[in-house]
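To keep things clear, I will list the structure first and then write my remarks on it.
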Amino acid sequence: MTSSTGDRGFAMAERKGSWGLNGLIVAFAALILAALWATTLNQIAHDRMVTKAAARQQAADLARAFDARLAERIERIDHGLKHIRREMAGGPGLVPGRLAEFAKVVTDSALIQIAVFDAQGRLVDSTLPHAKGDNFSDRDYYLAHRNPSAGGAEDRLLIGRPALGRISQRWTLHFSRRIESAEDGFLGVLMIAIDPFAFSHLADDLPIGEEGAVSIVGSDRAIRMIHTRRDDPLRRGWIGRELPGDRPQFDPTRPTADVVRLHSTIDARPFMVAYRWMDNQPLIVLVHLSETEIFGRVNERAEFLLTAVTGMSGIILLFAAGLAVLGRRQHRARLDLAAANHLLRENERVLEQRVAERTVALERSNRHVHTLAYHDTLTGLPNRTLFADRAAHALRGGARDARKLAILFLDLDQFKTVNDTLGHPVGDELLVAVAGRIRQAVRPADTVARMGGDEFVVIAEGIASANDAAHVAERIMAAVGTPLSLGGRPLNISLSIGIAVFPDDGGDVPTLLKNADTAMYAAKTAGRNTARFFSAAMSMAAEQRLGMELALRRALERQEFTLVYQPKIALASGRLCGVEALLRWRHPERGWVPPAEFIPFAEEIGLIEQLGAWVLDQACRAIAGWDDTRFGPLSIAVNVAAAQVNRGDLAAVVDGLTRQHRIDPGRLEIEVTETAVIADTDRALATLNRLRSLGVAVALDDFGTGYSSLMYLRRLDIDTIKIDRSFLMNAHVDSRDGEIVRLIIRMAQTLHLSVVAEGVETEEHVAFLKDAGCDMIQGYLVARPMPLADLQDWIAAGHSAGSRPPPKLTLVSR
Ligand SMILES: Nc1nc2c(ncn2[C@@H]2O[C@@H]3COP(=O)(O)O[C@H]4[C@@H](O)[C@H](n5cnc6c(=O)[nH]c(N)nc65)O[C@@H]4COP(=O)(O)O[C@H]3[C@H]2O)c(=O)[nH]1
């Protein structure tokens with residue numbers, strides 16, 4: 001939980017930190033980019049502006065310069081005109097042949113011809129070989145001079161439209177002046193033809209660029225001259241053409257000199273055009289500067305700048321991205337480091353805590369293990385190991401100081417019964433209570449140990465004589481013998497004690513313990529609730545017991561057990577209604593051992609369950625192998641011990657066996673004693689109910705000898721009650737016993753239970769039982785228990801061997 005919260009915390013911190021840093025980097029990069037671009041664009045705009053302004057200025061300056069040059073050239077031509085005219089007026093006038101003489105003053109390289117026309121437009125003289133008398137009265141300059149627009153006679157220089165010379169076939173510009181005299185008025189026209197392209201030289205040195213142009217246009221919108229750096233025939237083709245009237249230079253509202261932006265009429269390219277009206281002539285001087293050229297460098301620079309800035313932007317972005325990634329990594333690395341540190345510290349802390357916990361647990365466990373190793377977990381008393389240790393220690397002390405000590409071996413009487421009947425939890429409770437009482441009954445210095453089960457041992461040190469040991473035993477018996485209440489039941493418990501004294505009964509712990517144990521069995525045999533000192537004679541008896549136990553344990557393997565079957569017959573009809581299976585043990589040396597001897601012993605040593613299972617298996621086998629057709633159906637009643645009932649799995653065992661032998665469970669009857677039932681009524685009830693639900697019949701054996709509580713009868717789901725033999729023995733003579741038998745039978749009838757009387761030995765018994773209304777009888781009078789083969793013979797013979805047969809024997813099923 002903590003760790004996952006920590007992880008989330010780190011993840012959030014990581015995201016936050018990472019985003020914060022990245023945001024900063026992005027913002028910083030954006031700022032740099034914005035500044036860079038703003039500066040660059042601003043620079044480019046500024047460049048353009050400055051360049052544009054400079055170009056404007058340049059164009060205007062060029063126009064002014066060209067204007068000045070042109071004006072000066074025109075002035076010179078006009079000067080020539082005026083000079084010739086003066087010469088003519090002062091001398092021969094329009095005398096042919098004199099023009100060449102006068103023309104010497106006109107030194108213009110562009111001169112094509114000088115011509116004089118009379119008042120009728122007829123050529124009077126020319127520097128070119130014209131046919132004299134040719135009429136030029138259609139020429140615009142002639143017409144303009146002959147008929148001046150305002151005020152009649154006007155002496156002014158006229159620069160006509162370019163015209164293609166008739167003779168020269170060259171474009172010519174006609175500079176002309178009127179010739180007049182005060183007396184005669186209009187006498188004619190003096191004209192100088194100039195090659196317009198000669199003016200081009202005026203612009204040769206003007207920096208108009210490769211695409212620039214210088215032109216002269218008249219107020220009549222006719223192009224007089226175009227100068228370009230290259231000899232562009234296209235441009236030549238424009239000479240004489242008329243420009244559209246919407247051009248800015250023709251706009252009367254505009255100033256006479258300006259710089260405008262125009263698109264080429266040829267290819268629509270943009271030009272910066274400076275125009276300038278000449279002062280004394282109706283001519284406009286134009287200087288065209290190509291924007292491509294003007295801004296060429298600027299554009300190149302701008303392009304360079306933009307490329308550089310784009311590149312730089314890319315680099316900045318990359319750098320920023322790199323920084324962001326680096327920052328993110330660094331941040332992540334820092335966080336990882338912090339997380340790792342945190343984790344490390346946390347792990348250290350957890351580790352230390354675990355180590356501390358483990359240490360504590362280990363110590364506790366060690367203590368526990370030590371306690372377990374040396375103490376009994378149930379009672380907390382020293383166990384067999386610690387006992388051996390302490391006993392050895394005590395023995396060494398006794399031997400050294402020549403002091404006696406006694407080993408008292410204690411065994412609870414009837415503990416098995418309590419355990420079997422009241423259940424293990426009660427048995428455990430009893431052991432704890434007894435342990436406490438023993439502990440209190442002895443001196444604190446004495447060791448009280450639990451050897452296992454219901455066996456305790458006391459080491460009574462420093463006793464003067466065997467008598468002192470006897471007193472210790474008495475105190476213990478008195479303490480344990482005090483009635484106690486367990487699970488709400490009053491309980492009287494007693495114990496048997498065997499005493500062995502050091503050094504008289506043994507010099508070492510094992511011997512003393514064995515002898516004390518032997519003495520304890522002697523006390524048991526003597527009737528329990530007593531103490532016995534060890535004697536040599538006891539040793540033999542104990543050995544016999546041990547031998548018996550070994551023999552009994554081996555008997556199953558050696559197949560020394562067998563079952564005999566005693567018939568039960570219906571009293572009214574004399575019909576066989578079943579047999580009771582009874583266990584027999586043939587001891588290899590002692591011969592037949594009575595069940596009353598070995599069955600309680602088997603219960604005591606815990607062998608009865610195994611033995612009981614064997615009996616059940618044998619009975620089922622007998623049923624399975626029974627020849628129904630020959631002998632009629634057979635029902636077998638099997639005795640089960642309290643331990644079997646209280647184990648809780650009896651029904652499962654029976655179910656398994658009936659299935660295994662494939663027999664009808666209805667052929668089986670289970671005989672339980674009252675003691676088995678009262679031990680743990682609920683559990684016994686459950687077991688019996690399960691048995692009955694399987695179809696197995698249940699009989700209550702030895703009825704009357706135990707508690708015989710009516711309550712049990714009411715609660716128990718049984719089929720049959722078996723009246724104990726002890727009641728029947730004197731029933732016909734002892735009125736009390738007789739009454740008990742009658743009572744039991746009446747009660748059974750009331751509860752709709754069958755009644756079997758056991759130990760029927762005489763006719764008197766039969767008569768009494770008939771009179772009392774008993775259902776079935778079982779006893780020597782009918783038949784003694786016999787092997788299965790004998791039973792078959794017995795049935796086949798229709799009588800019982802050796803005993804009085806019933807009046808009439810018929811085989812019936814239950
Ligand atoms: N004097 C006399 N005795 C008669 C007469 N008719 C029958 N008996 C004896 O009475 C006992 C009847 O069995 P029980 O009351 O269940 O008493 C049984 C039963 O409690 C126990 N037992 C025998 N076999 C088994 C067994 O397989 N399992 C368990 N748990 N107990 C068994 O041992 C007890 C003694 O068994 P057994 O010695 O076979 O003794 C049997 C039987 O032989 C008679 O007319 N006169």
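The values are calculated or read from the model by the stated rules, or taken from the named source; none is laboratory data. Note that this is a predicted model, so its numbers are computed, not measured. All Cβ positions, glycine included, derive from the backbone under ideal geometry; neighbour counts span all protein chains shown. Please note that ligands, DNA and RNA were not included when accessible areas were found on the heavy atoms of the full protein model with its side chains. Shrake-Rupley method; radii C 1.70, N 1.55, O 1.52, S 1.80 Å.
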Find the lysine pairs in the chain meeting two conditions, Cα atoms under 14 Å apart and a separation of 8 or more places or different chains, and report how many there are. 4
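Please report the antiparallel percentage of the DSSP beta bridges confined to segment 489-618, to the nearest 5.
Values: 12 of 15 bridges.
Looking only at bridges with both residues in segment 489-618, the antiparallel portion is about 80 percent.
For the chain, what is the accessible area per residue in Å², given a 1.4 Å probe and the full set of protein chains? Write down the numbers at each step before the final one.
Details: 40560 Å² over 814 residues.
For the chain, the per-residue accessible area is 50 Å².
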At A338 and N42, where each label point lies 7 Å from the Cα along Cα→Cβ, what is the point-to-point distance in nanometres? 4.0
Between A402 and R553, Cβ-based FRET efficiency (R0 41 Å, step 0.05) works out to 0.45
If you take the charge dipole of the chain about its Cα centre, with +1 on Lys and Arg Cβ and -1 on Asp and Glu Cβ, which of V640, A686, L24 is farthest toward its positive end? L24
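Just to verify a number: FRET efficiency for A388 and A541, C-beta to C-beta distance, R0 = 30 Å, to 0.05?
0.75
Kirkwood Rh, Cα Rg: Rg to Rh for the chain? Present the calculation step by step, with values, prior to reporting the outcome.
Working: Rg = 75.3 Å, Rh = 41.8 Å.
Rounded to two decimals, Rg over Rh is 1.80.
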What angle, in degrees between 0 and 90 and rounded to the nearest 10, separates the Cα long axis of helix 650-660 from the longest principal axis of the Cα atoms of the chain? 90
Of all DSSP beta bridges in the chain, antiparallel share, percent nearest 5: 80
To the nearest 10 Å², what's T379's accessible area with a 1.4 Å probe? 30
Picking from Y142, A68, S496, whose Cα lies most toward the positive end of the charge dipole for the chain (charges on Cβ: Lys, Arg +1; Asp, Glu -1)? Y142
To test your reading of the geometry: what angle, between 0 and 90 degrees and rounded to tens, separates the Cα axis of helix 595-604 from the longest principal axis of the chain? 30
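For E764 and R659, calculate 0.36 nm times their separation in residues minus their Cα-Cα distance, and state this gained length in nm to one decimal. List each step's numbers first, then the result.
Working: separation 105, 0.36 × 105 = 37.80 nm, distance 4.29 nm.
33.5 nm is the gain from fully extending E764 to R659.
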With every protein chain present, what accessible area does D793 have (1.4 Å probe, heavy atoms only), rounded to the nearest 10 Å²? 100
Portion, in percent, of the accessible area of segment 384-534 that falls on carbon or sulfur, probe 1.4 Å: 52
For F534, what charge total do you get from the other residues with a beta carbon under 15 Å from its beta carbon, if Lys and Arg give +1 and Asp and Glu give -1? -1
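What 222 nm value per residue comes from the helices of the chain, counting each DSSP H run with n ≥ 4 as -39,500 (n - 2.57) and dividing by all residues, nearest 500 deg cm²/dmol? All intermediate terms of the calculation are to be shown ahead of the outcome.
Working: 24 runs with 403 residues, N = 814.
Value at 222 nm, helices only, nearest 500: -16500 deg cm²/dmol.
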Taking Cα atoms, how many degrees apart are the long axis of helix 788-797 and the longest axis of the chain, rounded to 10 and kept between 0 and 90? 60
Global size of segment 556-771 as Cα Rg and Dmax, reported in angstrom: 17.3, 50
Using the Karplus equation 6.51 cos²θ - 1.76 cosθ + 1.60 (θ = phi - 60°), what ³J(HN,Hα) coupling, rounded to whole Hz, does each residue of segment 284-291 give in order, writing x for Gly and Pro? 10, 9, 10, 10, 9, 10, 6, 5
Local charge sum around A523 (other residues, Cβ-Cβ under 9 Å, Lys/Arg +1, Asp/Glu -1)? +2
Which listed residue (N341, H370, H471) has the Cα farthest towards the positive end of the charge dipole for the chain, taking +1 on Lys and Arg C-beta and -1 on Asp and Glu C-beta about the Cα centre? N341
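So if we plug the beta-carbon distance of A257 and E72 into 1/(1 + (r/R0)^6) with R0 = 22 Å, what FRET efficiency do we get, rounded to 0.05? Walk me through the numbers before you get to the answer.
Working: r = 18 Å, r/R0 = 0.80.
Efficiency at R0 = 22 Å is approximately 0.80.
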Phi-derived 3J(HN,Hα) across segment 470-479 with the Karplus relation (6.51, -1.76, 1.60, θ = phi - 60°), rounded Hz, x for Gly and Pro, is 5, 5, 4, 4, 4, 4, 5, 4, 5, 5
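Leaving ligands, DNA and RNA out of it, rank W592, W794 by accessible area with a 1.4 Å probe, largest first.
Working: W592 140, W794 5 Å².
Output order, biggest surface exposure first: W592, W794.
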Judged on accessible area alone, 1.4 Å probe, highest first, R714, R254, R345 line up as R714, R345, R254
SASA check, R276, accessible area w/ 1.4 Å probe, all protein chains in place, rounded to nearest 10 Å², comes out at 60
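Could you give the size of the charge dipole of the chain about its Cα centre, using +1 on the Cβ of each K and R and -1 on the Cβ of each D and E, expressed in debye and rounded to the nearest 20? Before the final figure, lay out the partial values.
Details: 96 positive and 100 negative charges, 486 e Å.
Dipole magnitude for the chain comes out near 2340 debye.
Provide the net charge surrounding G738, with neighbours chosen by a C-beta distance below 12 Å and charges set as Lys +1, Arg +1, Asp -1, Glu -1.
-3
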Probe radius 1.4 Å, ligands and nucleic acids left out: which of Y780, Y521 has the largest accessible area, and how do the rest follow? Y780, Y521
One-quarter of the Cα convex hull surface for segment 642-692, in nm²? 3.2
For segment 759-771, take each phi angle, set θ = phi - 60°, evaluate the Karplus expression 6.51 cos²θ - 1.76 cosθ + 1.60, and give the result in whole Hz per residue in order, putting x for glycine and proline. x, 6, 10, 10, 5, 4, 4, 4, 4, 4, 5, 4, 5
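How large a share of the accessible area of segment 556-771, in percent, is made up of carbon and sulfur atoms when the probe is 1.4 Å and the other protein chains stay in place? Intermediate values should be presented prior to the final figure.
On the way: 4500 of 9490 Å².
Carbon with sulfur: 47 percent of the solvent-accessible area.
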